[in-house]
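Here the structure comes first, spelled out in structure tokens, and everything after it is commentary.
The values are calculated or read from the model by the stated rules, or taken from the named source; none is laboratory data. Computed from a predicted model, the values in this text were never measured in an experiment. When we count neighbours, we look across all protein chains shown, and the Cβ atoms used for this are built from the backbone with ideal geometry, even at glycine. In case anyone asks, the SASA skips ligands and DNA or RNA and just uses the protein heavy atoms, side chains included. Shrake-Rupley method; radii C 1.70, N 1.55, O 1.52, S 1.80 Å.
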Amino acid sequence: MPKEKSAPRKAKATKADGGKKKKGKHHYPNAPKRGLSAYMFFANDQREKVREDNPGIKFGEVGKLLGEKWKALSEKQRAPYEAKAANDKKRYEDEKAAYAAVSALETD
DNA sequence: AATCTGATTGTTCTT
DNA sequence: AAGAACAATCAGATT
């Protein structure tokens, strides 16, 4: 079993508060985006189910409901999602590699 | 080496 | 078209 101790994630960013970040950032060419996260896959599956259980539910509710359910799942249930996340993570490795390769070639 | 930070991912709904 | 609650992430940058 992997015993990753190294960095015991401490507090959060410097934003003090809970952690509200806004978008608006872009990336350079070839943007090697990272893989998705377990929540993304989970949402993909539950999103319709949640809405089915909550007819007429709005985005905010679905999101919250989703969050609750997500944590309500057992580690086993999250497994498939985490598995996909891990799979996508690998995908990112490819992007990263491709990006580096192109970047090297594109010595502009 | 160890710690931190920021950027990113996708859903749905609203405007 | 883009943003925002919801959660994860985690790879790179920084010290």
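Below are the figures for this structure:
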quantity: Extreme residue, farthest from DNA strand B (Cβ to nearest atom), among residues of the stretch A:34-57 that are in a loop (DSSP other than H, G, I, E, B), surrounded by 12 or more Cβ atoms within 10 Å (Cβ to Cβ) and not aliphatic (A, V, I, L, M); calculated: A:54
quantity: The stretch A:58-87, subset under 15 Å from the mean Cα position of the chain (by Cα) and more than 9 Å from DNA strand C (Cβ to nearest atom), residue most open to solvent (accessible area, probe 1.4 Å); calculated: A:84
